[in-house]
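A.B. asks: The structure under discussion is supplied below as structure tokens; questions concerning it will follow.
Just so it is clear, none of the values below were taken in a lab; they were calculated from the coordinates. Quick caveat: nothing in here was measured; it's all calculated off a predicted structure. For neighbour counting, all protein chains shown are included, and Cβ atoms are generated from backbone atoms with ideal geometry for every residue, glycine included.
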Amino acid sequence: MERISFYDEIKRNKRLSGFLIFIVLVVLLSLVYVIGLVMGPDYFFFILIFGTIFSLIYIVGGYYKSAELAIASVRAKPASQEQYRQYHNIVEGLSLASGLPKPKLFIMNDSSINAFASGRDPKHAVICVTTGSLEKLTKQELEGVLAHEMSHIANYDIRFMTLTAILVGMISIIAQIFLRTLFFTGGNGGGDNKKGNAILMVIGIVLAILAPIIVMLVQLAISRRREYGADSSAVKFMRTPTGLIGALKKISGNKEMKVPGAVAPLFLAKPGRASNLFETHPPLADRIKKLERM
């Protein structure tokens, strides 16, 4: 079996994530261009400005409160250093290895094995693990899980995914406003559109319907690439994939694992189907195979 370098994997995942963001930008610019041609300048600037402001307020507001909202949604409690000494010691060691500030640590009362990281930057980051992780994982496996979560913080994945969410949100809002404006104006937005450019109108409608679906799939693909990237960075921190592999194998054997829907993309793993086109995480089997080659 051919070995792969975690450095090469990190670079590859960053390139693919950048390419996927480029696709989202292309879809956004195409949608904006077509709407501008169909609706004319008056309606177009209203749609663009309103869509941009609304999506920025909605998503950036959530971005600055991301850690607090995530912790509150799973009813997690602060992990005291006296009660969870090993948990704190592992994260302190990883902080030294990565050069990151130590995040705030929390405990979620859940018997399954899982964890997540959140926060807009390393200075405002949190890590939360389930009680099941502390009870069922060996020290090495817990180190692998926490290294994965520290990697999300080091790679600014929360910030990256927020940028993606802003772009996707803008596309969805602009498309909806465009379609509703056509409905209320009877397809007479202004400018050249009044002369009856039927082909351009059809292109605009089709693009407005398909664009949100396309960028949603791209957003999910970016999320999966970031999980692969965090796995590779965890190996970089630990210099061995053994712990994370062991943890993922134990998770894959837990058929009753439950993940809260609102914060599911943040977690180390979530139950998923073999076909992962509409999943936020890659299949556990694929992640394990890739780690075993490092």
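A.B. asks: Too long at a 22 Å Cα-Cα cut-off: which of LYS77/LYS136; LYS65/LYS123; LYS11/LYS136; LYS249/LYS270; LYS77/LYS236?
C.D. replies: Flagged as over cut-off: LYS11/LYS136; LYS77/LYS236.
A.B. asks: Same structure again: Taking K and R as +1 and D and E as -1, what net charge do the other residues with C-beta under 12 Å from the C-beta of HIS148 add up to?
C.D. replies: -3
A.B. asks: If you don't mind, another one. What order, most packed first, do the peptides 80-88, 235-243, 18-26, 222-230 have when packing is the mean number of other Cβ atoms within 10 Å of each residue?
C.D. replies: Listed from highest to lowest mean packing, they are 222-230, 235-243, 18-26, 80-88.
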